[in-house]
1. Just round it to a whole percent: the fraction of Cα-Cα distances in region 7-48 exceeding 13 Å.
2. Sticking with the crude label model, points 7 Å out along Cα→Cβ, report the distance from residue 143 to residue 51 in nm, one decimal please.
3. Report the extension gain between residue 82 and residue 270 in nm, rounded to one decimal, defined as 0.36 nm multiplied by the number of residues separating them, less their alpha carbon distance.
4. So how tilted is helix 307-327 from the main axis of the chain? Cα-based, degrees 0 to 90, rounded to 10.
5. Quick one: compute the contact order of the chain, relative version, from alpha carbon pairs under 8 angstrom and 6+ residues apart, as a percent.
6. Once you have the Kirkwood Rh of region 69-111 from its Cα pairs, apply Stokes-Einstein at 37 °C and 0.692 mPa s and quote D in µm²/s.
7. With only alpha-carbon atoms counted, please give the Rg and Dmax of region 62-185, in Å.
8. Given that compact globular proteins tend to follow 2.2 N^0.38 Å, what is the ratio of the alpha-carbon Rg of region 180-294 to that value?
């Protein structure tokens, strides 16, 4: 018996269905697949499982997952989608594994592809390998490239160029960070530790500080630690024009003292005070840090400029100078 127009019989399930229930197949006379989509999908699944079994692989059964949840194939648990990270490459927008399993897989892949997690970190961040690190450290005698006392443990690089400079100890690496690799500040810090403060002729005065709001414990703390009172510190800061005597750029926040004699020196801002502390209050270490940074500063190539460009640069410099003098106050 023939089938009505627009209909087709599936030889697998024996049902007569609309031709739309059959997939496309150009090799068939009617341009449609032999089996309906449901039967075709079942046959494909059976064929796939058979091939996998011949290869010794097992295809897991489909798992019913409630809405708002996702199955992790590694720990084989159904968890809320909040337990999965984001991955725009996946259709679901979530990672294939839950967060703990994902971290484990990433760690295993790093070791598999890069030898170790540290090797991966060094290559990703600094472009060197563990062998390069060990070779660099050996050239430094196993010690920090600046202080030459403590073993080097941290890779140091120029934040401007990205170039790896050496291996430093924790203190020296942090000291450079507090001074921002600024050679001028390092030189001023070394002079400061030698007892020489360079007093500027012009400064940008900060906003007036309120000295009336003082914590009850401040005077006690200052007296116990530095043998000075709050009023003494305020007079010191006033004599410094309300600025740190190293960088002359930020308001002072900390009383600085010599760790050898205990004598109070001046009031410094947090970066300068911390940087000096990281360099162990040693002007020699600060100068070695200065030389260390200067050795990696690469002068740019000379650039030819036209007369018009030169005049524009001169005008821009004059504008900057005028702006500077409009904001500063003469204190020298």
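1. Value for region 7-48 (Cα pairs over 13 Å): 49 percent.
2. 6.6
3. 63.6 nm
4. Long axis of 307-327 versus the principal axis of the chain: about 60 degrees.
5. Once divided by the residue count of the chain, the mean separation gives 11 percent.
6. The diffusion coefficient I find is 315 µm²/s.
7. 21.3, 67
8. Cα-based Rg divided by the globular estimate yields 1.09.
The numbers here are math on the coordinates, done by the rules we state, and not lab data. Predicted model, so just to flag it, every value in this text is computed and none were measured. Cβ: placed from backbone, ideal geometry, glycine included. Neighbour counts: every protein chain shown.
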